[in-house]
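Read-outs: derived from the displayed coordinates by stated rules, not from any lab. For clarity, every value in this text was computed on a predicted model and none was experimentally measured. Here the Cβ positions follow ideal geometry from the backbone for every residue, glycine too, while neighbour counts run over all protein chains shown.
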Amino acid sequence: MGGGYDLHTHSTFSDGTTSPESNVEAAVALGLEGLGVTDHDTTDGFERARLAADDTGLELVLGTEFSAEHEGFSVHVLGFWIDPGHAALTDELERLRDERTDRARRIVERFRELGIPLEFERVLQLAGTAPIGRPHIAEAVVETGAVGDTKEVFDRYLADGGPAYVPKHAVGPRRAVELLTAACGVAVLAHPGLYGRDDRGVDPGLVEEMAGAGLAGIEADHPDHTAEQRRAYRDLAVGLGLEVTGGSDYHGEAKPNRLGSATTDREVVERLRSWVRT
Ligand code: AMP
Ligand code: ZN
Ligand code: FE
Ligand code: FE
């Protein structure tokens, strides 16, 4: 028994608004057994989380949320227990982060063409040292006063395929799975219901291809999935012999998702761990 593991969280090391220490503290307060530290395209927040979790009994899972793309749409792959010193993976993560900066510049130009006086410098300030993500840009757009809130910025401009959307340099979902597993990690497809135009969800054929490349699990339990989606992705995972995980995708104030609102049971975490190729 216990509070389970929230395997999907963000901090100020990507586009979350809370520090790694504050996430650890909140997880302990909620009685969670474990916390996945899964910032976009980086593992840099882990060390601070680790220091904060010392002596708390909270188990941390070192991870990242790897940004892959398929046919112009985002596909996110969670990697757990990866070796942060594995060169093939860290080189690719570094390239992903660098190209986010160029892409942000192009998105800012798109907004300016659309009549919104966005300043690239402000986006840089909001991101700080984190890899620049669309939520940072959305926040800067809201500051211009042209749009009411960040949700509206996504709905009108920034969602995948929207008028200000620019795809990132990205590897495909299969390659992402291969890179994560080669780095001694375990790959799990994040929120499969949130992909593609109008969030139609990821094609089961693609999930099967990812399974062929070593995918270990599917994050069926995600706060943005409906009960029906959770069931469908659970069935898909079971059919492919994959694990079913849950995570809140907590982003602090940047998203309504509450920490601990979706979790993974300890025995599933133990089974997932056995997928690590040493
Ligand atoms: P990026 O990594 O720059 O492509 O941005 C991805 C992040 O933007 C996701 O993790 C979400 O936090 C946010 N995001 C993407 N699409 C939407 C959307 N339609 N509505 C709200 N937030 C979104
Ligand atoms: Zn995010
Ligand atoms: Fe994601
Ligand atoms: Fe996420």
Open item on the list: If I model a spin label at E209 and D83 as a point 7 Å from the Cα along the Cα→Cβ vector, what separation in nanometres do I get?
Closed with: 2.8
- [ ] Could you run the Karplus curve 6.51 cos²θ - 1.76 cosθ + 1.60 with θ = phi - 60° over segment 258-268 and give me ³J(HN,Hα) per residue in whole Hz, x for Gly and Pro?
- [x] 8, 4, x, 6, 8, 9, 10, 5, 3, 5, 5
TODO: Taking the dipole about the Cα centre of the chain, with the C-beta of Lys and Arg at +1 and of Asp and Glu at -1, give me whichever of Y165, V77, G34 is farthest to the positive side.
DONE: Y165
- [ ] Using label points projected 7 Å from each Cα along Cα→Cβ, tell me how many nm separate E25 and D102, to one decimal.
- [x] 4.0
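Take the Cβ-Cβ distance between L240 and E71 as r, set R0 to 25 Å, and report the resulting FRET efficiency rounded to the nearest 0.05. If you can, show how the numbers build up before the last one.
Values: r = 21 Å, r/R0 = 0.84.
Calculated transfer efficiency: 0.75.
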Open item on the list: I'd like to know how the chain sits against the 2.2 N^0.38 Å rule of thumb: what's its Cα Rg over that expected value?
Closed with: 0.95
Task: Under 20 Å from the V166 label point (7 Å along Cα→beta-carbon), backbone N, segment 57-73 - done: 67-73
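Mind checking the alpha-carbon convex hull of segment 141-215 and giving the volume per residue in Å³?
Working: hull volume 8.7 nm³, N = 75.
Looking at segment 141-215, the number lands at 116 Å³ per residue.
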- [ ] With r as the distance between the Cβ atoms of R95 and V276 and R0 = 22 Å, compute the FRET efficiency 1/(1 + (r/R0)^6) and round to 0.05.
- [x] 0.35
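Taking 22 Å as R0, compute the FRET efficiency from the Cβ-Cβ separation of R231 and R258 and round it to 0.05. Intermediate results must be reported in sequence, preceding the final value.
Values: r = 22 Å, r/R0 = 0.99.
Using R0 = 22 Å, I get an efficiency of 0.50.
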Open item on the list: Could you compute the net charge surrounding L30? Neighbours are other residues with a C-beta less than 11 Å from the C-beta of L30; K and R count +1, D and E count -1.
Closed with: -2
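Which value, in debye to the nearest 20, describes the size of the charge dipole of segment 135-227 about its Cα centre when Lys and Arg Cβ atoms bear +1, Asp and Glu Cβ atoms bear -1, and nothing else is charged? The partial results should precede the final answer.
Working: 7 positive and 15 negative charges, 65 e Å.
It works out to roughly 320 debye.
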TODO: For K151 and E59, calculate 0.36 nm times their separation in residues minus their Cα-Cα distance, and state this gained length in nm to one decimal.
DONE: 29.8 nm
Task: In range of the label at R50: residues from segment 73-115 whose backbone nitrogen is under 14 Å from the point 7 Å along Cα→Cβ - done: 81-86
Open item on the list: Suppose each label sits 7 Å from its Cα in the direction of the beta carbon; what would the D224-R266 distance come out to in nanometres?
Closed with: 3.2
